[in-house]
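Every number in this text was worked out from the coordinates using simple rules, so none of it is lab data. Here the structure is a predicted model, which is why all the values come from computation and not from measurement. Cβ atoms come from the backbone with ideal geometry, glycine included; neighbour counts cover every protein chain shown.
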Amino acid sequence: MASYRAAAVWQNFAPITSNTTTYTTSWDYGVPTAAINTVIAGDFTTTGSFTVNNLTVNAGKKLTVAAATSVTVGEALANNGTIIVENNANLIQTAATNTNTGSGTAIVTRNSNSLKRLDYTMWSSPVTGTQTLLQFSPLTSTGTSIRFYSYNPAINVYNTVDPTTTFIKGTGYLIRMPNEMPGNLGVTTPYYLGTATLPYPGVFTGTLNNGPITVTTVAEKFYAVGNPFPSTISADEFLRGNATAGTLYFWRKTNGTAGTAYASYSLAGGAGTAGIKPNGTIQVGQGFIVKATTTALTFTNAMREAAPTSTQFLKTKNAIDRSRIWLGLSNANGSLNQAMIAYIDGATLGVDPGYDSKYFNDSKIALTSSIDGEEYIIQARPAFDATDVVALIFKTDIAGLYSIALDSFDGVFEKGQDVYLIDTVTGTETDLKTEAYSFTANVGQDNTRFLVKYQKTLKVEIPTFDENSVKVYKNKGTIFVNATSKTIKTIEVYDVQGRLIAKQMNVNATTANITNLKEVRQILIVKVRTEDNSVVSKKVLQ
């Protein structure tokens with residue numbers, strides 16, 4: 001009767017409240033909220049996402065953040081037991097400077113993409129501790145064939161690294177898939193033969209990392225870094241929060257195949273490879289390459305996504321109004337690379353730091369777009385104008401048959417805007433929304449063969465090369481040459497007596513300039529030779 005009367009009294013009055021709720025076998029003061037502290041005093045697995053003020057896990061107890069859920073901690077985290085963050089789950093901390101305390105252990109799992117036996121993934125640990133690279137991937141090759149790598153920014157190469165090295169915060173490590181997956185032993189398995197793919201179940205063990213985390217750098221060098229947190233971060237916020245060249249390069253390539261190994265991302269969006277296109281979320285455990293332009297790269301809690309929904313190991317969100325097309329290059333062996341052209345209000349036809357991404361240039365076969373004759377894998381241009389024409393660059397070291405297709409598009413292109421590919425060599429105009437364009441190519445780089453435009457023409461004229469199409473002028477001791485649509489091979493400058501006073505070899509672009517000419521008032525003859533050995537001579541007054 002006493003317990004019944006007590007219950008009745010409780011029902012007649014306002015419930016007792018507390019600034020702390022504790023879980024043993026149930027919550028004593030209700031499910032956690034952002035305003036109250038939370039104590040895990042019994043093993044608990046999340047069935048949905050929630051936010052707490054302070055979080056404590058008692059000794060001997062276990063908090064499991066289940067897949068597709070997240071736990072957000074507004075203030076301090078004290079882990080005296082075990083915290084498990086499952087694949088596609090997130091543990092988020094939002095306070096700018098809090099550190100984690102406690103004597104407990106964290107286990108964070110992250111599955112890689114489905115990969116073949118000799119493929120690689122760039123990993124970055126979300127925990128700090130004594131775990132080594134070899135403990136993380138014990139079946140990756142060691143001994144005389146070490147397949148663990150770190151990136152050397154001084155000479156831009158991957159160096160083998162001692163497999164007993166422990167993970168360093170914010171650092172990316174390139175690790176080859178195991179020779180055999182655990183539980184899948186035997187040299188006759190499809191995985192071992194390289195005919196089947198499997199995701200690698202990465203398991204990180206240690207103390208959860210929390211921001212800020214800084215990687216010391218040298219300006220104008222490339223570094224392999226990575227998401228150091230047990231939750232996804234925004235690629236856009238990382239780029240905005242750091243002085244970089246504006247592009248993230250994600251390793252994604254089947255070993256031994258042609259084409260670039262990197263999917264690229266800038267504030268304009270992502271250009272993919274091997275069927276994967278980054279779209280702005282940097283996943284737990286994900287490493288990447290970035291060029292630092294100052295002496296540090298920093299990861300902060302403000303870069304963590306507040307309500308992450310991504311499950312792809314290279315994913316990003318769209319945040320600005322833009323219209324984009326993705327052009328895919330392939331051959332008989334499959335996809336080689338993808339180039340993206342983005343129309344964004346406020347962008348220019350020149351180089352826009354943070355938006356334009358240079359080609360990483362790790363493959364001799366590529367389709368890119370041209371800015372001042374240089375290769376860009378992502379190019380941002382001003383707000384869309386249907387009269388725009390974009391020059392592409394194609395190169396290969398293997399002669400043969402290739403194909404260019406419109407992989408995807410958004411913005412005005414989803415509303416009916418056409419996309420045409422012009423082959424100036426054959427005079428062919430292809431509607432890429434209806435079909436891909438196949439062509440035969442010789443070895444070499446061609447900066448003028450392909451153009452993208454958005455209005456159909458009745459006839460495509462192959463550009464001529466004569467005195468009218470070549471522009472030569474001088475300004476403050478510099479001679480500027482523009483061959484319009486022809487690729488320049490060499491430029492020679494002669495005085496009126498026929499003496500060679502300047503020469504530029506291997507120009508490989510449609511424009512060039514010659515500087516440091518002695519200021520003498522005289523007539524000069526500028527001889528321009530193109531890649532097809534056509535020659536035009538123009539006079540200019542120095």
Cα pair distances of region 323-453 binned at 5 Å [whole percent]:
2, 10, 22, 26, 21, 12, 5, 1
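What ranking of Trp123, Trp326, Trp27 emerges when the number of other C-beta atoms within 10 Å of each C-beta is taken as an exposure proxy, fewest first? Provide the component values of the computation, followed by the final result.
On the way: Trp123 26, Trp326 21, Trp27 13.
With the fewest neighbours first, Trp123, Trp326, Trp27 line up as Trp27, Trp326, Trp123.
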What stretch of the chain, leaving out the sites themselves, is the longest with no trypsin sites (Lys or Arg not before Pro) in a DSSP loop having at most 11 other Cβ atoms within 10 Å?
1-455
Over 18 Å between Cα atoms: which of Lys395/Lys538; Lys169/Lys277; Lys489/Lys538 fall into that group?
Lys395/Lys538; Lys169/Lys277
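For each of Glu429, Glu220, count neighbouring Cβ atoms within 10 Å of the residue's Cβ, then give the residues from fewest to most. It would help to have the intermediate numbers written out before the result.
On the way: Glu429 17, Glu220 11.
Listing Glu429, Glu220 from fewest to most nearby Cβ atoms yields Glu220, Glu429.
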If the cut-off is a Cα-Cα distance under 16 Å, which aspartates and glutamates reach Lys486, setting aside same-chain residues fewer than 8 apart in sequence?
Asp372, Glu374, Asp423, Asp446, Glu461, Asp466, Glu467, Glu531, Asp532
Scaled radius of gyration (Cα, divided by 2.2 N^0.38 Å) that the chain gives
1.20
Which of the GluC sites (Glu not before Pro) found in region 460-534 are loop residues per DSSP with 16 or fewer other Cβ atoms within 10 Å of their Cβ?
Glu461, Glu467, Glu519
List Met177, Met505 from most exposed to least, where exposure is judged by having the fewest other Cβ atoms within 10 Å.
Met505, Met177
